[in-house]
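The next block holds one structure in the form of structure tokens; read it before the comments.
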């Protein structure tokens, strides 16, 4: 046997040993835990309603911390895990119970969030709300792998609460429902359908991850006394799984295509902005449209009208970034009919440039003020040193610095100016030091000043 085969077998053996997740699985405890979490009555009803209100407030005021807190107390994951477990173990009763409870949960969530958004005085859609209206492929990845981590944590003999809590945050089931409630309350149906679609995707892929993990861990299938009923349940649940899974594959493919298109379009527009070929024009706006049938990129230019060479180069760039199938709509705001639009755009560009220049000027002014202050302080201390030499020739050097004192019992801090004096020899008259301190206190216009004294010879000897 060659060394490569020996190494490969050793590697596979070690990998299986490291990646083994069946060894510590507690099947019955996991099933019992999920069945218990599927139940929805009493405290769970109020807990869900309160969590939805808290999440809605967080979305309304754009507070990520509040949203995360609400997701930690939400019981929404239970029925979704129950659906995945039911399909994986062919348990029709559990499947019906989980679907029914999930439907009730969704209804209560929509009622609570819609009621809140109807009465709140804050009606604007903040960024946290808008982020829950357009599903992306990343939402699919988060839901699937988050769901896999969740069922894996639940199946351990020692359940990792931190992992389960992290899954509740990462999969973000509540915010889409709250956003759907906002769409209902404000009659903005695009928000409602987009957010509810996102919730469906998250729920489905969490359930799918649970189903796959249950099958991989060999959870026992439900046993029915009637063999015909067992076959019927198996066929019915298999049909349902396929019925839901097939559209999800197309959804995932579409999302991947859309994400790829958006990424390529952004790089394409950036390349135009950085290309020297278009130094006489500037991209003032761009937007993208993606659908199953066609993709479009709209770009508006301002400046000198582009010649044929520039337009040909534009199409060449489009092909270079894999966008040859996308329809490119170009608008040049340079003709006489577009003078008003061009003037407005140019004015807007100039205003933005002026704001940027104003910010830079402000930063430069602050730096110049700081530099001027340092120069003035240097000149002032030279003047003080000259005066000190006349009044107190025994002083070799001095310095002034702010010392930060921190109390060890209550950690309170105070900043006090400290005067350091190096004497050629310590004055016999103790009032001299006091007079120097008082003079410097007046000279520097400070209310308090502490004094520290050393003898220059001792200082040199110690150094």
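What are the residues in the range 21-40 that are at pLDDT 80 or above and farther than 18 Å from residue 85 by Cα, if any? Correct list: empty. Residue count for the range 64-79, restricted to those that are surrounded by fewer than 19 Cβ atoms within 10 Å (Cβ to Cβ), in contact (Cβ under 8 Å) with a residue 12 or more places away in the chain and assigned to a helix (DSSP H, G or I): 5. Only a single item in (1) assigned to a helix (DSSP H, G or I); (2) assigned by TED's automatic domain parsing to the domain that holds residue 52; (3) within 23 Å of residue 87 (Cα to Cα); (4) modelled with pLDDT under 80 is not met by residue 209, and it is number (4).
Comparison of 122, 129 shows that the only residue that is within 30 Å of residue 260 (Cα to Cα) and modelled with pLDDT under 75 is 129. Of the residues in the range 333-354, none is over 34 Å from the mean Cα position of the chain (by Cα), within 19 Å of residue 269 (Cβ to Cβ) and at pLDDT 75 or above. Checking each residue of the range 80-99 against the condition of being at pLDDT 85 or above, within 14 Å of residue 52 (Cβ to Cβ), assigned by TED's automatic domain parsing to the domain that holds residue 36 and surrounded by fewer than 22 Cβ atoms within 10 Å (Cβ to Cβ) gives no match.
Residues considered: 23, 39. Of these, the only one that is within 34 Å of the chain's Cα centre (by Cα) and either surrounded by fewer than 21 Cβ atoms within 10 Å (Cβ to Cβ) or closer than 24 Å to residue 216 by Cβ (or both) is 39.
One residue stands out in the range 255-292 among those that are more than 29 Å from the chain's Cα centre (by Cα) and part of a strand (DSSP E or B): the one that is surrounded by the fewest Cβ atoms within 10 Å (Cβ to Cβ), namely 282. Put simply, of 377, 385 the only residue that is in a helix (DSSP H, G or I), surrounded by 10 or more Cβ atoms within 10 Å (Cβ to Cβ) and either assigned by TED's automatic domain parsing to the domain that holds residue 425 or touching a residue at least 12 places away in the same chain (Cβ under 8 Å) (or both) is 385. A count restricted to the range 39-63 and to residues that are more than 21 Å from residue 150 (Cβ to Cβ), in a helix (DSSP H, G or I) and in contact (Cβ under 8 Å) with a residue 24 or more places away in the chain stands at 9.
The values are calculated or read from the model by the stated rules, or taken from the named source; none is laboratory data. Keep in mind that this is a model prediction, so the values were computed, not measured. Glycine also receives a Cβ, built like all others from the backbone with ideal geometry; neighbour counts cover every protein chain displayed.
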